[in-house]
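To keep things clear, I will list the structure first and then write my remarks on it.
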Amino acid sequence: MSAISAVLYREAKIRATNATFIFWDLFYPLCYMLVFGVGINAALGAPLSAPGVDYNAFFLAGVLAMASFGIASNTAWSFFMDRDNGIFYEMLTYPMSRSQYLFGKVLFNMFVTLLQAVITVGVARLLLHVPMRSDRWPLFLLAVAAGTVGWFFFYAIFALRMRRNDSFNAVTSIFYFVFLFVSSMFYPLEPLPRWFRLAALANPVTWQVDVLRYASIGLVSPQRVAAESAAFLLFTVISFALAIRALRQQ
């Protein structure tokens, strides 16, 4: 068994023995959409941002980005669990590189996120009649997977450098509030104050949400999507380099 396959197998075993992890990763974002999205859609009762686009269609991209964000945070948190039981330092002595260790974890993240996206989109189309651009499915799936990769490397930096679980949880809670709410996840940016728009446009969550929104329902201009895709790729590369550096210092 290769090093990456071994990491994938271990991550799958951890998920399979914890029903809470499975529910949180696969079904919690869908519950968020069915409760929050349906409620807001009923309250607005009018097209949002573009003719024929209701809040359920608008919010789908936000839900999937939220899932990428949350799954990446949960997987990065597992570094603390591995340190507590000693397996983390044991794994560093195994015949695999630090990059293989991180790639194994991030590949499992991608599989979980893609499965979650298929479930969420399927239910959204079946129950909420959310339209999808079938010609942009490859871009849509790529944006889902790439978002999880970038956020996992970002969170891994803090998980590897911090020694206290409560400190990491405090930091992730702050990130959750700032990154998610100062973005285009829940609302269109055009009517908002200029300072808020500028902050949101500098937020990697907005970059991922905009690409998903463009790929799913056609909102956002191609030029903006291209620029935000390049920015998110740069964010991912920098996060990976810093995560590898933090792992090599262990």
Original post:
Can you give the relative contact order of region 3-248 as a percent, counting alpha carbon pairs under 8 Å and 6+ residues apart?
Top reply: 25 percent
Original post:
With each label point set 7 Å from Cα along the Cα-Cβ vector, what nm distance links residue 169 and residue 24?
Top reply: 1.0 nm
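Can you list which of the trypsin sites (Lys or Arg not before Pro) found in region 131-223 are DSSP loop residues with at most 14 other C-beta atoms within 10 Å? Present the calculation step by step, with values, prior to reporting the outcome.
On the way: sites: 133, 136, 161, 163, 164, 194, 197, 213; in loops: 133, 163, 164.
Loop-located and lightly packed - 133, 163, 164.
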**OP:** Could you list which residues have their amide H under 5 Å from that of residue 53, counting only those 5 or more apart in sequence or on another chain, with H placed in the peptide plane?
**Re:** 48
Original post:
Between residue 224 and residue 82, what is the spin-label point distance in nm, taking each point 7 Å from the Cα along the Cα→C-beta axis?
Top reply: 3.9 nm
Original post:
When the Karplus curve 6.51 cos²θ - 1.76 cosθ + 1.60 is applied with θ = phi - 60°, which whole-Hz ³J(HN,Hα) does each residue of region 135-152 get, with x for Gly and Pro?
Top reply: 6, 10, 4, x, 5, 4, 5, 5, 5, 4, 5, 5, x, 5, 4, x, 6, 5
Subject >> In sequence order, calculated HN-Hα J values of region 198-207 (Karplus, 6.51, -1.76, 1.60; Hz; x Gly/Pro) >> reply: 5, 5, 5, 5, 8, 9, x, 4, 4, 4
**OP:** Working from Cα positions, state the angle (0 to 90°, nearest 10) between the long axis of helix 3-16 and the longest principal axis of the chain.
**Re:** 70 degrees
Original post:
What Kirkwood hydrodynamic radius, in Å, does the chain give when the mean of 1/r is taken over all pairs of distinct Cα atoms and then inverted?
Top reply: 18.8 Å
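Using the Cα gyration tensor of region 104-197, with a ≥ b ≥ c the square roots of its eigenvalues, what is the shape: rounded (a/c below 1.5), prolate (a/b larger than b/c) or oblate (neither)? Numbers along the way, then the final one.
Working: a/c = 2.28, a/b = 1.27, b/c = 1.80.
Taking the square roots of the gyration eigenvalues as a ≥ b ≥ c, region 104-197 is oblate.
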Subject >> Packing-based exposure ordering (other Cβ within 10 Å, fewest first) of 216, 73, 5 >> reply: 5, 73, 216
**OP:** Could you size up the charge dipole of region 3-248 around its Cα centre, putting +1 on the beta carbon of Lys and Arg and -1 on that of Asp and Glu, and report it in debye to the nearest 20?
**Re:** 440 debye
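No value in this document is a laboratory result; all are computed from the given coordinates. What you see is a predicted model; the values in this text were computed from it and never measured. Positions of Cβ are backbone-derived with ideal geometry, glycine not excepted, and every protein chain shown enters the neighbour counts.
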